[in-house]
1. What number, in nm² with one decimal, is the all-direction average of the projected area of the convex hull of the alpha-carbon atoms of the stretch A:82-137?
2. Per-residue mean of other chain beta-carbon atoms within 10 angstrom of the beta-carbon, peptide B:60-66?
3. Distance in nm between label sites at residue A:220 and residue A:172, each 7 Å beyond Cα in the beta-carbon direction?
4. Here is the link list: A:186/C:171; A:110/C:110; A:186/B:184; A:234/C:184. Which ones come out longer than 32 Å on Cα distance?
5. Take C:138, A:241 and order them by how many other Cβ atoms sit within 10 Å, fewest up front.
6. For the rotation bringing B onto C, which B residue has its Cβ nearest the axis, and at how many Å?
7. How many angstrom lie between the C-alpha centres of the stretch C:38-53 and the stretch C:171-247?
8. Got a sec? How would C:36, C:208 order by Cβ neighbour count within 10 Å, fewest to most?
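Where a number appears in this text, it was derived from the coordinates with a stated rule and is not lab data. Since the model is a prediction, treat every value here as computed from it, not as a measurement. Every residue, glycine among them, receives a Cβ derived from its backbone with ideal geometry; neighbour counts consider all protein chains shown.
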Amino acid sequence: MIGVILIYEVTSRLFMVYEAIAASGSSPYIWAYIATALLSGLAYLFLYRVWDNVPRRFPIIHFFIVSWSALMYLSFVEGQTLFSDYVWYMDWIISTPLIVLALVLTATYKSEGSHYDLIGAAMGLQFMLIVTGIVSQDTAMSADFVGIPVAFWLGCVWLAGLIYLLWGPFKEIAEQTSHHLAQKYKILAGYISLFFALYPTAWYLSETVYPEGPAVLGAFETSLAFVILPFFCKQVYGFLDMYMIHQAGEEM
Amino acid sequence: MIGVILIYEVTSRLFMVYEAIAASGSSPYIWAYIATALLSGLAYLFLYRVWDNVPRRFPIIHFFIVSWSALMYLSFVEGQTLFSDYVWYMDWIISTPLIVLALVLTATYKSEGSHYDLIGAAMGLQFMLIVTGIVSQDTAMSADFVGIPVAFWLGCVWLAGLIYLLWGPFKEIAEQTSHHLAQKYKILAGYISLFFALYPTAWYLSETVYPEGPAVLGAFETSLAFVILPFFCKQVYGFLDMYMIHQAGEEM
Amino acid sequence: MIGVILIYEVTSRLFMVYEAIAASGSSPYIWAYIATALLSGLAYLFLYRVWDNVPRRFPIIHFFIVSWSALMYLSFVEGQTLFSDYVWYMDWIISTPLIVLALVLTATYKSEGSHYDLIGAAMGLQFMLIVTGIVSQDTAMSADFVGIPVAFWLGCVWLAGLIYLLWGPFKEIAEQTSHHLAQKYKILAGYISLFFALYPTAWYLSETVYPEGPAVLGAFETSLAFVILPFFCKQVYGFLDMYMIHQAGEEM
């Protein structure tokens, strides 16, 4: 409970962090993030020719995840203004439903049933989760508001629903296909769950975002965390997902 | 004709109503709306286990209709600013195409043909209808504009197109499946048509929105109307739709 | 290379052109554009009854292309403010992925394979292309930025990817269906490629957008170009596409 309150305290200040991060001298690292994102996008398309048992939709989805994220991160290093206050959310609102899509398509890609409704539900929940973040942040910024906005709690409940979908019905679908696939799917779902949980942890430890907390990370380190975490959730995840599907295909 | 002009006069002031409504002391009712929306979302998922002849996509779609609406209504009662001027439209631009989707999927759910093109056309028309509302409101607010914006008339024509689709091709598809299904579909389509028509009626009767008119409803009553009408179009409609499909399935 | 730099120099000023164009006395032409767009939308639906070998999705897609564009162009001639600074992009972000959709569906409409992944890739690339335009324009407007934003170069690379998809895999799919269809598809793809390339050319020649250049077109002529080019890319293209599909169907 206290953990949830802390997460909220911390996420509501995301807004104010943009300038500190943009000015923290982390530009070279953000450029590195953008460069690896764009190169990964190309590498997925190349790998698709090598691992020819991976369906074409996976390199395509991962290409769009890293490409969109790169385009949004450009606004940190160039003088862009339109998206800047909500640039994290503009990244996440497109890229995280696609991350969820890649994950659930991995669970279902050999299944003969039609799972459009469940896939839509998972992606819709992730989309609404990001919007609860925008509403919470916006509420927190209004002068006369005290406490935690209901939108934040709502987001927590929907997150629980998404986790249920990932570890309930989708795990089952993967298991019905093959034991091998289920194993790979569980690794990927665990990987994404872990890294998504590390985001609020990094904010909690950040001096810029949450000065009352342990304040272990300064503006520069916070900025670095925001480069390292998405690097694992997007660039590395793309390779891991395609490799797992390739492996599962070999074993079946 | 005069009716259409009145509707326009009234909708163009929607923008100015937000503050009056937010300050009218209707917060408890808006909280009730949000609470019933969230509980209905859960109830649909539960009912799906009871009425097991209802395809899974229906509880999912209705869950997203009420959840999205609840999230947007939160901005009335908490100090949110980003969406506030356009909060009705932010609600409608997602929830009303989903209401149309639930309706046309009810007509087609047992049909063997592929109706993606017609379903896309109905949802696309509803989406563009909401955007004509945004453009009309925005035009009406500009100081030097006199008269009714073309965008408003355009919206009226597209509305006629949507009504044609609902009562023409989709009714036919339902009739080809079974007489029972067509009956249920016609009840649902009539229900939605009626309540969608009650929105401008409520605005016309409102003192806040249209002071030159009968001015029967004050700020508080207008606010209440905006809670009662969507309650029937979203929360109640979800149960009605699922019940009708359940009944049609039993009878076939 | 110099050509690309010129294109950038020119597109980055698109923002400032809105007022000049809105005040250039071109309103009658913009009204003509809106009227022909709306009438074309109706004509497509009528033609679908005459050319009965054209699948229903084509008149529907073309109806939405011209309707959306008409709705966005209304903001030039009426006093609308919300979208005005980004009104071109609001038009293109919806209409150009639909233009690409109509094109690739023409290539695949008789194919028995499933091409959802490639179709999604083409539409996604076109969507991101338009967003690179928004980011570039926004960057160019910031006071302390010198040079060409990376977002612009990114857009050029993604454009190359889109052109590869159109002239590589999609041409192949059309050829596998029939020689006749491939011929028609190549005409349509060439037509769209040509007109999309004429947009930056018109800007380059415009006095308002690029005063350092040849400055052949004044504010009024530039405004006219923005009416004529989309007229060919949207209204005329819709008829051409449907006619080509009708012809290909006759010949097969």
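1. Result: 4.1 nm².
2. Working: counts 7, 4, 0, 4, 6, 0, 0.
Shielding by partners across B:60-66 averages 3.
3. Rounded to a tenth, the inter-label distance reads 5.2 nm.
4. Over 32 Å Cα-Cα: A:186/C:171; A:186/B:184; A:234/C:184.
5. The order, fewest Cβ neighbours first, is C:138, A:241.
6. Of all Cβ atoms in B, the one closest to the rotation axis yields B:116, 7.
7. About 21 Å separates the Cα centre of the stretch C:38-53 from the one of the stretch C:171-247.
8. In order of increasing Cβ crowding within 10 Å: C:36, C:208.
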